[in-house]
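Engineer: Quick one: this structure, given as C-alpha cells, is what I'll be asking you about.
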Amino acid sequence: MGRVAVAGASSGVGKVIADALATEIKHEYILLSRNPSAKPKTVQVDYSDIDALAATLDKYQVDTVISALSLATDEAGQNQANLIEAAKRASSTKRFIPSEYGSRWNPETWAIAKDGRHRDVPPMPTYQGKVKAIRALEDSSLEFTALYNSFFMDYLGVPHIPTDMPYAPNVFIDLDHKFAAIPGDGTASFVATHTRDVGRFVVALLDMKKWERFYTVHGSRQSMLEAVKLAEELTGSKFTVVHDSLEKLEKGVITLTPTALKMYEGNDQAIGLLTQQLSLFGRWLAQGRMDMDISLNSLNSEFSDIEPLTWLNTIETSLKK
C-alpha cells in the first residue's frame with residue numbers, strides 16, 4: 001500500500017483529514033505544505049512547479065493524493081490543477097480526491113464558455129476551480145472520487161461544537177440567543193455534516209478497492225423549520241424567527257445572528273463580507289440546492305461504524321455548557 005499525500009492540511013478540512021489519518025494509524029502519509037513547518041510528516045512544495053511536485057510524489061511513493069486546498073482564489077484553483085497534473089505525471093500516483101467537500105453538482109450541466117470559464121457556475125473562484133479539477137481528472141487515467149457533504153454543521157453549532165475551520169461564524173440558527181434567521185420560507189430540506197466526520201469518511205475511502213465517481217455523507221437532513229422546531233423542543237425555549245425572502249437574498253442582504261454580529265463587532269468589512277457570502281448560500285438553501293439524495297453512493301451506509309454528529313447531538317452539546 002502506497003503513501004497518502006494530503007494537500008492543504010494546515011487548517012480546515014485538510015487538518016481534520018490529517019488528524020483522522022493520525023488517529024487511524026493504518027496509512028503512511030505526508031502533508032504537503034507551501035511553507036516550512038516543524039509539524040511531523042510535512043513536506044514543503046511549490047505548487048507552481050509541476051515537475052518538482054511530480055518528483056516529490058514519486059520520491060515518497062505516493063499512491064493517493066487527497067486535496068483539501070482552498071479554492072478561494074483563481075491562484076488557489078490553479079494550485080490544485082497543477083497538483084492534478086503532477087499526479088498524472090508521477091509514476092507512483094494512481095488515485096486522487098479533489099477538494100470538493102460541499103454541495104453535489106452536476107458537471108454535465110456546466111458547460112465551458114469561450115473564455116475558458118464555466119457558464120451556469122457561480123462567479124466565484126471556488127466553483128470555477130472545482131469544475132476545472134473534475135474536467136482535468138476526467139481527462140486523466142487517475143482513479144478519482146469526489147466527496148459531497150453539503151453544508152458544514154460547524155457553522156450551525158459554533159461555539160458549542162469544535163471546529164478547525166479558520167473562518168467559522170455562527171449562521172442561521174443561534175442556540176445561545178434562541179434566534180433563527182431563516183432563508184426563504186424554511187421548508188426546503190438541507191444536509192449538514194461536521195467537518196471532523198468528513199475527515200473520517202475521507203480516510204475510510206482509502207480502504208475501498210474501487211471508487212465510484214462520487215460519494216455522499218451526511219450528519220443530518222431536515223428543513224430549517226424542522227431544525228428550529230427541534231431546537232425549541234430540546235431547549236424548552238421559543239426562538240425568535242426572522243425570514244429573509246428570496247428577493248432580499250438576491251439583493252445581497254441577509255440577517256446575521258447575534259452571535260455572528262458579536263464575533264465581528266466593530267469590523268464592518270468582515271460583516272460585509274459575511275453578508276455577501278451568506279446571502280448566496282442562503283439563496284441556495286432556500287432553493288433546495290443544499291439538499292441531496294443521502295442514499296446515493298452513501299458512505300454512511302458503507303461505513304456504519306462511523307457515527308456522525310447530528311443536529312440533535314449539536315443541540316444536546318449546547319445544553320451541557
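The values are calculated or read from the model by the stated rules, or taken from the named source; none is laboratory data. Since we're looking at a predicted model, the values are computed, not measured. All Cβ positions, even for glycine, are placed from backbone atoms using ideal geometry, and neighbour counts span all protein chains on display.
Engineer: Just the residues that are touching a residue at least 40 places away in the same chain (Cβ under 8 Å), among the acidic types (Asp, Glu) and more than 26 Å from ALA231 (Cβ to Cβ), please, taken from segment 265-312.
Structural biologist: Within segment 265-312, GLU302 is the sole residue that qualifies.
Engineer: Related question: Considering only segment 2-33, state which residues are of a type outside the set (Gly, Ala, Ser) and out of contact with any strand residue (DSSP E or B) (no Cβ under 7 Å at 6 or more places or on another chain).
Structural biologist: Restricting attention to segment 2-33, the residues satisfying the condition of being of a type outside the set (Gly, Ala, Ser) are 3-4, 6, 13, 15-17, 19, 21, 23-32.
Answer for segment 2-33, where residues must be of a type outside the set (Gly, Ala, Ser) and out of contact with any strand residue (DSSP E or B) (no Cβ under 7 Å at 6 or more places or on another chain): VAL13, LYS15, VAL16, ASP19, THR23, GLU24, ILE25, LYS26.
Engineer: Regarding ILE294, is this residue β-branched (Val, Ile, Thr), crowded, with 17+ Cβ neighbours inside 10 Å and outside any helix (DSSP H, G or I)?
Structural biologist: Yes.
Engineer: Can you list residue pairs whose Cβ atoms sit under 8 Å apart, with the first residue in segment 177-193 being under 11 Å from GLN287 (Cβ atoms) and the second being modelled with pLDDT under 95 and assigned to a strand (DSSP E or B)? Count only pairs 6 or more apart in sequence or on different chains.
Structural biologist: Cβ pairs passing all conditions: PHE190/PHE151.
Engineer: Have a look at GLN44, GLN61 and point out the one that is touching a Pro at 6+ places or on another chain (Cβ under 8 Å) and more than 13 Å from VAL202 (Cα to Cα).
Structural biologist: That would be GLN44, the only listed residue that is touching a Pro at 6+ places or on another chain (Cβ under 8 Å) and more than 13 Å from VAL202 (Cα to Cα).
Engineer: Does segment 110-128 contain at least one residue that is modelled with pLDDT of 90 or more, in a helix (DSSP H, G or I) and surrounded by 18 or more Cβ atoms within 10 Å (Cβ to Cβ)?
Structural biologist: No, because not a single residue in segment 110-128 is modelled with pLDDT of 90 or more, in a helix (DSSP H, G or I) and surrounded by 18 or more Cβ atoms within 10 Å (Cβ to Cβ).
Engineer: Based on what the data block shows, is LEU53 touching a residue at least 60 places away in the same chain (Cβ under 8 Å), crowded, with 17+ Cβ neighbours inside 10 Å and in contact with a helix residue (DSSP H, G or I) (Cβ under 9 Å, 6 or more places away or on another chain)?
Structural biologist: So LEU53 fails the test.
Engineer: Go through segment 265-291 and report how many residues are surrounded by 15 or more Cβ atoms within 10 Å (Cβ to Cβ) and among the polar types (S, T, N, Q).
Structural biologist: Restricting attention to segment 265-291, the residues satisfying the condition of being surrounded by 15 or more Cβ atoms within 10 Å (Cβ to Cβ) are 270-271, 274-275, 277-286, 289-291.
Add one more test, that the residue is among the polar types (S, T, N, Q), and what stays is 275, 277, 279.
Number of matching residues: 3.
Engineer: Considering segment 142-170 alone, what residues qualify as being of a type in the set (Gly, Ala, Ser) and assigned to a strand (DSSP E or B)?
Structural biologist: Scanning segment 142-170 gives a single hit, ALA146.
One line per residue, one yes/no per condition, for (1) at pLDDT 95 or above; (2) buried (at least 18 other Cβ atoms within 10 Å of the Cβ):
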{"residue": "SER11", "(1), (2)": "no, no"}
{"residue": "VAL65", "(1), (2)": "yes, yes"}
{"residue": "ALA72", "(1), (2)": "no, no"}
{"residue": "PHE96", "(1), (2)": "yes, yes"}
{"residue": "GLU100", "(1), (2)": "no, yes"}
{"residue": "SER103", "(1), (2)": "no, yes"}
